[in-house]
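Take a look at the structure below.
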Amino acid sequence: EYAELGMDLGWAYARWQAFPLAEREFTELAKQQPGEGDALFGSGYAQYKQNKLPEARRNLSQALKSKSAPTIRHVWVVFPAMGAYPIFADAQTMLGWVDLVGGDCGRARKTFSLALEENPEMVSAMTGLAACHQKNGELSKARDWYVQAAEIYPEYPAVVTGLQATRPGQGKR
């Protein structure tokens, strides 16, 4: 009967950047309610933020297959030189970030593209796609995604720095 409060507590821990506590809360909720998409998403998100990529991949993948689909969440991303910024994220987009951080840009692109099919204004997926293109030296394609993201969230640090880094004349095309 307190599962909803536990979910709120888990996301509050995530908002406060207390990822080990968030992971513990979401893992417990997932045990109590097998197949609960939001609990699996929360657990995978907390694991991603702790660089536990295999565990994050497993939980986010399970969240996407769960009977109760995970919802889009408002999360805070910390940029050390710029502060914390809110952004919307979903399990599909976070799975893309797991792939990108894990070094698999090919799989990340597919995952981010799927996220954008579901929600065409998901800035976190746009910046993920841009980062993949940027990482592969495809600065023009990266810039296109950063420009599209800037139309929705122009002050988001990943967008601002991405636009600066992909300005024409900043590297090879």
| task | Go through the stretch 59-74 and give me each residue that's of a type in the set (A, V, I, L, M, F, W, C) and surrounded by fewer than 18 Cβ atoms within 10 Å (Cβ to Cβ). | result | 69, 72
| remark: Residue hits (the stretch 10-45; closer than 22 Å to residue 77 by Cα, in a helix (DSSP H, G or I) and open to solvent by 60 Å² or more (accessible area, probe 1.4 Å)) are 15, 20, 21, 24
| request: Report, ordered by the first and then the second residue, all pairs with beta carbons closer than 7 Å, sequence separation of six or more or different chains, a first member in the stretch 2-29 that is free of Cβ contacts under 8 Å to residues at least 12 places away in the same chain, and a second member that is surrounded by 15 or more Cβ atoms within 10 Å (Cβ to Cβ). | output: 21/13
| query | Would it be correct to say that residue 164 is over 24 Å from residue 14 (Cα atoms) and either under 13 Å from the mean Cα position of the chain (by Cα) or at pLDDT 95 or above (or both)? | reply | yes
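Count, please, the residues in the stretch 98-114 that happen to be touching a helix residue (DSSP H, G or I) at 6+ places or on another chain (Cβ under 6 Å) and open to solvent by 50 Å² or more (accessible area, probe 1.4 Å).
First, the residues of the stretch 98-114 that are touching a helix residue (DSSP H, G or I) at 6+ places or on another chain (Cβ under 6 Å): 98-100, 102, 105, 107-109, 111-112, 114.
Now narrow it down to the ones that are open to solvent by 50 Å² or more (accessible area, probe 1.4 Å): 102, 107, 109, 114.
Of the residues in that region, 4 qualify.
The values are calculated or read from the model by the stated rules, or taken from the named source; none is laboratory data. Because the structure is predicted, anything quoted here is derived from the model rather than measured. Every residue, glycine as well, gets a Cβ built from its backbone with ideal geometry; the counts of neighbours run over all protein chains shown. For accessibility, only protein heavy atoms count, side chains too; no ligands or nucleic acids. Shrake-Rupley method; radii C 1.70, N 1.55, O 1.52, S 1.80 Å.
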